Amino acid sequence: MSADMEDRGGRHGRDVRTGESTAWGSYLVVAAGVAAGLGAIALGAPVSTGGVVMGGAFLAGSVTRLATSDRRAGVLAVRGRRTDAITLAAFGVALVAGSLLMLLRLHDS
């Protein structure tokens, strides 16, 4: 473990310099939403429903990432705030749009 990581608390999730803990809530919202979507599909719900649930979780993660500071973002902070939010929003919109497009009847088969 690097010295910089030890200063920030490393794996323990607490910044030693400020005593501020990192937020896992944002990550757990996204993970729980994706698990709920996959669980719904596994339990027999239409794939489009599960996809919309998962896309909604990514969109919620995007909003949460915009609302939290870099220090409090926890494991959702991979790059800059704007980049993380745009990436999560793009995944969310793609999942929701793809799921809703699955409901279209394009031909009579």
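Does the range 27-50 include one or more residues that are at pLDDT 70 or above and more than 30 Å from MET102 (Cα to Cα)?
Within the range 27-50 (the criterion being at pLDDT 70 or above and more than 30 Å from MET102 (Cα to Cα)), the answer is no, since none of the residues qualifies.
Being in contact with a Ser or Thr (Cβ under 6 Å, 6 or more places away or on another chain) and of a type in the set (A, V, I, L, M, F, W, C) is the filter here; which residues of the range 70-95 pass it?
Scanning the range 70-95 gives LEU76, ALA85, LEU88, ALA89.
Taking only pairs six or more apart or across chains, which ones have beta-carbon atoms under 8 Å, a first residue in the range 41-67 that is without any contact (Cβ under 8 Å) to a residue 12 or more places away in the chain, and a second residue that is among the β-branched types (Val, Ile, Thr) and part of a helix (DSSP H, G or I)?
ILE41/VAL47; ILE41/THR49
Got a sec? Which of GLY92, GLY9 is modelled with pLDDT under 85, surrounded by 15 or more Cβ atoms within 10 Å (Cβ to Cβ) and not β-branched (Val, Ile, Thr)?
GLY9
Is it the case, given these coordinates, that LEU95 is over 12 Å from the mean Cα position of the chain (by Cα), assigned to a loop (DSSP other than H, G, I, E, B) and of a type in the set (A, V, I, L, M)?
For LEU95, the condition - over 12 Å from the mean Cα position of the chain (by Cα), assigned to a loop (DSSP other than H, G, I, E, B) and of a type in the set (A, V, I, L, M) - is not met.
Give all pairs with beta carbons closer than 7 Å in which a residue from the range 88-109 that is farther than 16 Å from SER48 by Cα meets a residue that is hydroxyl-bearing (Ser, Thr, Tyr); count only pairs at least 6 apart in sequence or on separate chains.
Going by the 7 Å Cβ cut-off, the qualifying pairs are LEU88/SER62; ALA89/SER62.
In the range 68-86, what residues are part of a helix (DSSP H, G or I), within 22 Å of ALA35 (Cβ to Cβ) and free of Cβ contacts under 8 Å to residues at least 40 places away in the same chain?
Passing the criteria: ASP84, ALA85.
The values are calculated or read from the model by the stated rules, or taken from the named source; none is laboratory data. Computed from a predicted model, the values in this text were never measured in an experiment. No Cβ is skipped: glycine too gets one built from the backbone with ideal geometry, and neighbour counts run over all protein chains shown.
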